Amino acid sequence: MSDVTRVDYDGEGLSEEHVAPTPWQQAQRWVDDAVERSHARDDVPEPYALSVATVDASGAPNVRTVLMRFFDERGPGFLTNTDSTKGVELAGNPAVAASLTWPSMYRAVRFRGRAELLDRDEVATYFATRPWGSRISAWTSRQSQPVTSRAELETAYETYAARWPDRGTADDVPLPDFWGGYRIVCDEVEFWGGRRNRLHDRLVFTRTAEGSLDDASAWVLGRRQP
Ligand SMILES: Cc1cc2nc3c(=O)[nH]c(=O)nc-3n(C[C@H](O)[C@H](O)[C@H](O)COP(=O)(O)O)c2cc1C
């Protein structure tokens with residue numbers, strides 16, 4: 001890569017003085033900022049894009065991007081096919097890491113912990129809010145399995161679409177057993193703020209006791225070198 005463009009990150013960073021008292025409050029602030037920016041400008045097209053890393057049975061890492069669809073004091077959550085590669089890997093080893101990255105804002109949040117399956121009720125409530133076509137696609141895709149062609153997928157889609165036509169109701173497509181989601185129960189949350197001359201800020205909340213992301217007594221704050 002000989003045509004490297006060097007951008008100096010002149011973000012405001014994050015100081016011990018300004019960081020929120022809990023990882024949840026700090027993450028929520030930055031997520032809110034990213035969502036606001038996505039409405040105001042076109043340089044944060046998907047503020048909820050969450051890169052999720054898992055490990056396979058041999059210990060080899062794997063990463064893909066999903067959408068963070070839940071975020072509360074229990075941790076960030078995402079929806080997916082639980083028979084997918086990520087689902088199989090998490091069933092074998094719940095260790096997980098994830099990252100929200102907003103390059104144009106010189107900010108990133110990293111989560112480390114273990115994945116827990118979301119309650120069926122939460123999943124069902126969310127599934128019902130999805131557009132009809134997305135619910136049909138959930139049935140169509142044996143996510144992560146090989147498929148011989150695009151045409152095979154489209155034929156499967158038409159089959160499910162005919163079985164459960166769009167009646168404009170939340171229950172016109174049933175929730176597949178293999179569709180669900182995970183919450184990341186965190187042990188560590190890092191906030192990275194890009195600053196000038198690559199002298200970035202990294203403030204890290206590390207768990208020291210049981211408690212939610214919004215329980216200040218469960219976390220200790222530290223700083224890492226950039
Ligand atoms: C912006 C973006 C959002 C995505 N959102 C999801 C999602 O919410 N759930 C999901 O299962 N896959 C989502 N995907 C697809 C995943 O990246 C991935 O291809 C899929 O989950 C299969 O991963 P796996 O084979 O490692 O299980 C998204 C991809 C992108 C680029």
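The values are calculated or read from the model by the stated rules, or taken from the named source; none is laboratory data. Because the structure is predicted, anything quoted here is derived from the model rather than measured. All Cβ positions, even for glycine, are placed from backbone atoms using ideal geometry, and neighbour counts span all protein chains on display. To get the accessible areas, we keep the full protein, side chains included, count just its heavy atoms, and leave off ligands, DNA and RNA. Shrake-Rupley method; radii C 1.70, N 1.55, O 1.52, S 1.80 Å.
Highest GNM mean-square fluctuation among THR155, THR65, THR85, for the chain modelled with Cα contacts below 10 Å: THR155. With the charge dipole of segment 1-103 set up from +1 on Lys and Arg Cβ and -1 on Asp and Glu Cβ about the Cα centre, the Cα lying farthest toward the positive end among the listed residues VAL44, GLN26, THR85 is that of THR85. Converting phi to 3J(HN,Hα) with the Karplus coefficients 6.51, -1.76 and 1.60 and the offset θ = phi - 60°, segment 203-214 yields 9, 10, 8, 10, 5, 10, 7, 4, x, 6, 5, 10 Hz in sequence order, with x at every glycine or proline. Relative to the Cα centre, the charge distribution of segment 70-226, modelled as +1 at Lys and Arg Cβ and -1 at Asp and Glu Cβ, gives a dipole magnitude of about 960 debye. Inter-label distance, ASP177 to ALA91: 1.1 nm, where each label sits 7 Å from its Cα along the C-beta direction. Basic side chains Lys and Arg get +1 at the Cβ, acidic Asp and Glu get -1 at the Cβ, and with that the dipole of segment 1-76 about its Cα centre reaches some 380 debye.
Net charge of the neighbourhood of GLU116, taken over other residues with C-beta under 11 Å away and scored Lys/Arg +1, Asp/Glu -1, is +2. In this rough spin-label picture, where each label sits 7 Å from Cα along the Cβ direction, the ARG130-GLU188 distance is 3.3 nm.
On the basis of the beta-carbon distance and an R0 of 22 Å, THR206 and GLU17 show a calculated FRET efficiency of 0.70.
Taking a point 7 Å out from the Cα of ARG196 in the direction of its Cβ, the residues of segment 8-27 whose backbone N falls within less than 13 Å of it are 8-13.
Provide the solvent-accessible area of GLU36, counting protein heavy atoms only and rolling a 1.4 Å probe, rounded to the nearest 10 Å². GLU36 exposes around 130 Å² with every protein chain in place. Residue by residue, segment 79-84 carries 3J(HN,Hα) couplings of 10, 5, 8, 6, 8, 5 Hz when phi is fed to the Karplus relation 6.51 cos²θ - 1.76 cosθ + 1.60 (θ = phi - 60°); x denotes Gly or Pro.
Comparing SER2, TYR182, ILE136 along the charge dipole axis of the chain, the residue lying farthest to the positive side is SER2, per the Cβ-charge model. Per residue, segment 49-141 exposes 45 Å² of solvent-accessible protein surface, assessed with a 1.4 angstrom probe and all protein chains in place.
Once you sort the root eigenvalues of the Cα gyration tensor of segment 1-82 as a ≥ b ≥ c, which label holds: rounded (a/c under 1.5), prolate (a/b larger than b/c) or oblate (the other case)? Judged from the Cα gyration tensor, segment 1-82 comes out oblate (a/c at least 1.5, b/c at or above a/b).
Taking a sphere under 12 Å around the Cβ of LYS86 and counting the other residues whose Cβ falls inside, with K and R at +1 and D and E at -1, yields a net charge of -2.
Ordering ASP214, ASP187, ASP3 by accessible surface, largest first, gives ASP3, ASP187, ASP214; the 1.4 Å probe counts only protein heavy atoms, with every chain in place.
Summing Lys and Arg as +1 and Asp and Glu as -1 over all other residues whose Cβ lies under 14 Å from the Cβ of ASP215 gives a net charge of -3. Place +1 on the Cβ of every Lys and Arg and -1 on the Cβ of every Asp and Glu in segment 85-161, take the dipole about the Cα centre, and give the residue among TRP102, PHE127, ALA161 whose Cα lies farthest towards its positive end. Towards the positive end, the residue furthest out is TRP102.
When you work out D = kT/(6 pi eta Rh) for the chain at 10 °C and 1.306 mPa s, using the Kirkwood radius from C-alpha pairs as Rh and the Stokes-Einstein form, the result is 82 µm²/s. Here LEU117 and GLU158 are evaluated by their C-beta separation; at R0 = 35 Å the FRET efficiency comes out at 0.70. TYR157 contributes an accessible area of around 60 Å² to the protein surface, as traced by a 1.4 Å probe with all chains present. The helix-based estimate of mean residue ellipticity at 222 nm for the chain, built from -39,500 (n - 2.57) per DSSP H run of four or more residues and divided by its residue count, is -8000 deg cm²/dmol to the nearest 500.
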